[in-house]
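Quick notes on the structure that follows.
The values are calculated or read from the model by the stated rules, or taken from the named source; none is laboratory data. Since we're looking at a predicted model, the values are computed, not measured. Glycine gets a Cβ as well: all are built from the backbone with ideal geometry, and neighbour counts include every protein chain shown.
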There are 2 protein chains.
Amino acid sequence: MAVWSERMLIERIRQASEGSADGLITSIGDDCCEVRANGSFLLSTDSLIDSIHFNRSFHPPHLLGRKSIAVNLSDIAAMGGKPRFVLLSLNLPEDLEWEWISAWLDGALEILNEYDCMLIGGDTVKSKELGITVTVLGEPVGEGAIYRTGAKEGDTLWVSGPLGSAGAGLALLSNDHLQSGSLDKTLFGALLEAHLNPVPKIALGQKLAKSGFVSSMQDISDGLATDLAHTCKASEVLALIHAERLPYLPELQIAADQLEMEIEDLILRAGEDYQLLFTVKKGQETLFRQSLLQTEPGIVRIGEISSGNGVFLKKKLTIEEISFQGYEH
Amino acid sequence: MAVWSERMLIERIRQASEGSADGLITSIGDDCCEVRANGSFLLSTDSLIDSIHFNRSFHPPHLLGRKSIAVNLSDIAAMGGKPRFVLLSLNLPEDLEWEWISAWLDGALEILNEYDCMLIGGDTVKSKELGITVTVLGEPVGEGAIYRTGAKEGDTLWVSGPLGSAGAGLALLSNDHLQSGSLDKTLFGALLEAHLNPVPKIALGQKLAKSGFVSSMQDISDGLATDLAHTCKASEVLALIHAERLPYLPELQIAADQLEMEIEDLILRAGEDYQLLFTVKKGQETLFRQSLLQTEPGIVRIGEISSGNGVFLKKKLTIEEISFQGYEH
């Protein structure tokens, strides 16, 4: 275990943040950093706490570094924005290994680089509990940001890809029995990856925002049942989901069986898939399909919006309300 | 002990953040908040951890709420800026009393209101350890922000008021012997207040930035010896402090005697006074004094800048280097 000091860490962060970016006036090294806006900034903050939001026993630090940033970038994707700058606050126990911190930082810097986003400031403090708080600044693209408030009666309801994958991945990784030998890492690779290394839908979010077809958007972090309830509340509408249209990976059923879990719980109530959930304006579904489905074959219409309140799930013979049944963290 | 849920807390924060502000496009309730900039934004993040940065046994939650915001506003003051918006990340243990959280929030919202600054977003998570991360956005005023990099040979060196007060206040509050009965809360009122409820020098910072006389500025959070070393490093200059010019409250000597501490340690090496430390451009001292000293009698010239590196303290017969001897947290 290499000994480390806050000074070492700050020096590494400072080195990593050297260089210039459009709009960056002052980076790490002053009381504040300073950035110039072209118009408005989108801002989001998320905290991850050891043993609550992640499990170090199976989450490699490099992937956790990527995920710590990814979940924040996903908030920018959900507004249709372009991520620009990141502030990082690390609460670090003194007995945390330098190798762990260094690998975490490599992962965080790697994904920032992939999305052309720059680390410009933050704070590191000693603590008993490992905690990571990321604040991201992004800029709207095209006509502007897409909010949760824009869904209207007659709009159609869409998701950007399969649901339940991250929830199943976490359950597989947390299952002692499966971990002790019988976990099929090839079969379940995509599910494990969905939990360990989620991909923020930045390019798709921007494409949807620029398309002009989308009336509301958010990401799915707490599960479809809860997140869609937020959109319905913000837009004062009712959402009806058709159960048979919900997209999921074929191996999700095998995982659910091995885990003795209901596949519906994974799809509707497990969080962290970071898919985009959006509505397409009334009467524009055909144009939207012609315009986007060829290049974005993963997006799926799962239902529609009508007047009323709450989230409802339609199966063959029943309709039940599922508002806010997702994961609360 | 009142039972609380994150939903209760978020609802209180949401209610407190209702209303509009110039430049605020979207507040709490979407994936991101959105703010419009007039030009650039100043950004700073600070984390406070229970038992490391504060002691709940003697820090009333209302004052800690004020201080959690104040230390961030001080970073904006140090750039000569105007605070505008705040993001709040709270890591809250489940057994924390609702009364404590509620009083903390009252204090935080009170000081935000005093400085016309708005809470626009954040995150609350469950944790084992109480942690508070605040991100503040401000705007430069006048000709623009004042950086640490602007000090030049021949400039004079100033502080905005007495040093060592907060360090003595913390030591008095932490001293079991004094706490058990003999602590004179009237005599030491200003010292205790300096630790428990520091005042960010927002108006003075803006006045200094607008004056045109100031070449560099920062706040004193980690102690004069360390913070001045940061300015010297950033500006590539040497600072000489005259020991006899260092300002402190008269009761500081009495406190130091009772605490059996060196008064010089409190003045140079204890942090958290949140005074401004700034340099006045070469040859402009007389004009600066005529222009500002009448309305700001607390500001004091403590030394001057010359070529070289590091921070030096001049006493009657000696000069010693004191760079980076302050508090590291």
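Being crowded, with 18+ Cβ neighbours inside 10 Å and assigned by TED's automatic domain parsing to the domain that holds A:Leu292 narrows it down to one residue among A:Gly212, A:Gly205, A:Gly154, A:Gly181; which is it? Reasoning before the result, please.
On the way: A:Gly212 fails: crowded, with 18+ Cβ neighbours inside 10 Å; A:Gly154 fails: crowded, with 18+ Cβ neighbours inside 10 Å; A:Gly181 fails: crowded, with 18+ Cβ neighbours inside 10 Å.
A:Gly205 is the lone residue from the list that is crowded, with 18+ Cβ neighbours inside 10 Å and assigned by TED's automatic domain parsing to the domain that holds A:Leu292.
Right, A:Ala239: within 24 Å of A:Ser44 (Cα to Cα) and not hydroxyl-bearing (Ser, Thr, Tyr) or not? Lay out the reasoning, then the answer.
Working: within 24 Å of A:Ser44 (Cα to Cα): no; not hydroxyl-bearing (Ser, Thr, Tyr): yes.
So A:Ala239 fails the test.
Return yes or no: is B:Thr124 within 14 Å of chain A (Cβ to nearest Cβ), farther than 30 Å from B:Leu246 by Cα and among the β-branched types (Val, Ile, Thr)? Give the derivation first.
Numbers: within 14 Å of chain A (Cβ to nearest Cβ): yes; farther than 30 Å from B:Leu246 by Cα: yes; among the β-branched types (Val, Ile, Thr): yes.
For B:Thr124, the condition - within 14 Å of chain A (Cβ to nearest Cβ), farther than 30 Å from B:Leu246 by Cα and among the β-branched types (Val, Ile, Thr) - is met.
Does B:Leu137 qualify as being in contact (Cβ under 8 Å) with a residue 60 or more places away in the chain and either within 21 Å of B:Ala209 (Cβ to Cβ) or of a type outside the set (Ser, Thr, Tyr) (or both)? Give the steps one after another, and end with the answer.
Details: in contact (Cβ under 8 Å) with a residue 60 or more places away in the chain: yes; either within 21 Å of B:Ala209 (Cβ to Cβ) or of a type outside the set (Ser, Thr, Tyr) (or both): yes.
So B:Leu137 passes the test.
Kindly list the number of the only condition in (1) surrounded by fewer than 18 Cβ atoms within 10 Å (Cβ to Cβ); (2) closer than 24 Å to A:Ser51 by Cα that fails for B:Asp22.
Condition not satisfied by B:Asp22: (2).
Which of the residues that make up the stretch B:170-210 are of a type in the set (S, T, N, Q), touching a Leu at 6+ places or on another chain (Cβ under 7 Å) and at pLDDT 95 or above?
Correct list: B:Asn197 only.
Does A:Val71 qualify as being modelled with pLDDT of 90 or more and closer than 30 Å to B:Ile146 by Cα? Break it down into steps so the answer makes sense when it comes.
On the way: modelled with pLDDT of 90 or more: yes; closer than 30 Å to B:Ile146 by Cα: no.
For A:Val71, the condition - modelled with pLDDT of 90 or more and closer than 30 Å to B:Ile146 by Cα - is not met.
To keep it simple, each residue is scored yes or no on (1) closer than 30 Å to A:Cys232 by Cβ; (2) under 20 Å from the mean Cα position of the chain (by Cα).
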| position | (1), (2) |
| --- | --- |
| A:Asn113 | no, yes |
| A:Ile146 | yes, yes |
| A:Thr149 | yes, yes |
| A:Ala166 | yes, yes |
| A:Gln179 | no, no |
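Scan the stretch A:274-312 for residues that are at pLDDT 95 or above and either touching a His at 6+ places or on another chain (Cβ under 8 Å) or among the acidic types (Asp, Glu) (or both) and report the count.
So the count comes out to 4.
Restricted to the stretch A:81-115, and to residues that are part of a loop (DSSP other than H, G, I, E, B) and more than 10 Å from chain B (Cβ to nearest Cβ), which residue is modelled with the highest pLDDT?
First pass over the stretch A:81-115, keeping only residues part of a loop (DSSP other than H, G, I, E, B): A:93-97, A:115.
Then keep just the ones that are more than 10 Å from chain B (Cβ to nearest Cβ); that gives A:94-97, A:115.
On the way: A:Glu94: 89, A:Asp95: 90, A:Leu96: 92, A:Glu97: 92, A:Tyr115: 96.
Looking at the filtered set, the residue picked out is A:Tyr115.
Just the residues that are at positive phi and within 9 Å of another protein chain (Cβ to nearest Cβ), please, taken from the stretch A:145-156.
Selection gives nothing.
Checking A:Ala203 against (1) more than 21 Å from the chain's Cα centre (by Cα); (2) in a helix (DSSP H, G or I): exactly one of these is not met. Which one?
Evaluating A:Ala203 over (1) more than 21 Å from the chain's Cα centre (by Cα); (2) in a helix (DSSP H, G or I) leaves (1) as the failure.
Yes or no: A:Ser160 hydroxyl-bearing (Ser, Thr, Tyr) and touching a Ser or Thr at 6+ places or on another chain (Cβ under 8 Å)? Before you say what the answer is, go through the steps one by one.
On the way: hydroxyl-bearing (Ser, Thr, Tyr): yes; touching a Ser or Thr at 6+ places or on another chain (Cβ under 8 Å): no.
For A:Ser160, the condition - hydroxyl-bearing (Ser, Thr, Tyr) and touching a Ser or Thr at 6+ places or on another chain (Cβ under 8 Å) - is not met.
Any idea which of (1) small (Gly, Ala, Ser); (2) part of a loop (DSSP other than H, G, I, E, B); (3) within 14 Å of chain B (Cβ to nearest Cβ) is the one A:Gly138 doesn't satisfy?
(2)
How many residues are under 30 Å from B:Gly80 (Cβ atoms), in a helix (DSSP H, G or I) and not polar (S, T, N, Q) if we restrict to the stretch B:161-188? It would help to see each step written out before you state the result.
The initial filter retains those residues of the stretch B:161-188 that are under 30 Å from B:Gly80 (Cβ atoms), namely B:161-170.
Applying the additional criterion that residues be in a helix (DSSP H, G or I) yields B:165-170.
From the residues that got through so far, the ones that are not polar (S, T, N, Q) too are B:166-170.
Adding up the residues that qualify gives 5.
Identify the residue in the stretch B:20-77 that is in contact with a helix residue (DSSP H, G or I) (Cβ under 8 Å, 6 or more places away or on another chain) and in a loop (DSSP other than H, G, I, E, B) and, among all such residues, is farthest from the other protein chains (Cβ to nearest Cβ).
It comes out as B:Pro60.
Considering only the stretch A:146-157, I want to know if a residue exists there that is without any contact (Cβ under 8 Å) to a residue 60 or more places away in the chain, over 30 Å from B:Phe54 (Cα atoms), of a type in the set (Ser, Thr, Tyr) and assigned to a loop (DSSP other than H, G, I, E, B). Even if it seems obvious, please write down each step before you answer.
Step one: of the stretch A:146-157, the residues without any contact (Cβ under 8 Å) to a residue 60 or more places away in the chain are none.
Looking for residues that are without any contact (Cβ under 8 Å) to a residue 60 or more places away in the chain, over 30 Å from B:Phe54 (Cα atoms), of a type in the set (Ser, Thr, Tyr) and assigned to a loop (DSSP other than H, G, I, E, B), one finds none in the stretch A:146-157, hence no.
Checking the conditions here, which among A:Glu285, A:Glu264 is in contact (Cβ under 8 Å) with a residue 12 or more places away in the chain and touching a strand residue (DSSP E or B) at 6+ places or on another chain (Cβ under 8 Å)? Walk me through it before giving the result.
On the way: A:Glu264 fails: touching a strand residue (DSSP E or B) at 6+ places or on another chain (Cβ under 8 Å).
Of A:Glu285, A:Glu264, the one residue that is in contact (Cβ under 8 Å) with a residue 12 or more places away in the chain and touching a strand residue (DSSP E or B) at 6+ places or on another chain (Cβ under 8 Å) is A:Glu285.
Looking only at the stretch A:27-50, count how many residues are at pLDDT 85 or above and farther than 21 Å from A:Asp106 by Cα.
Taking the stretch A:27-50 first, the residues at pLDDT 85 or above are A:30-36, A:39-50.
If we keep only those that are farther than 21 Å from A:Asp106 by Cα too, we end up with A:30-36, A:39-44.
Residues in the stretch A:27-50 being at pLDDT 85 or above and farther than 21 Å from A:Asp106 by Cα: 13 in total.
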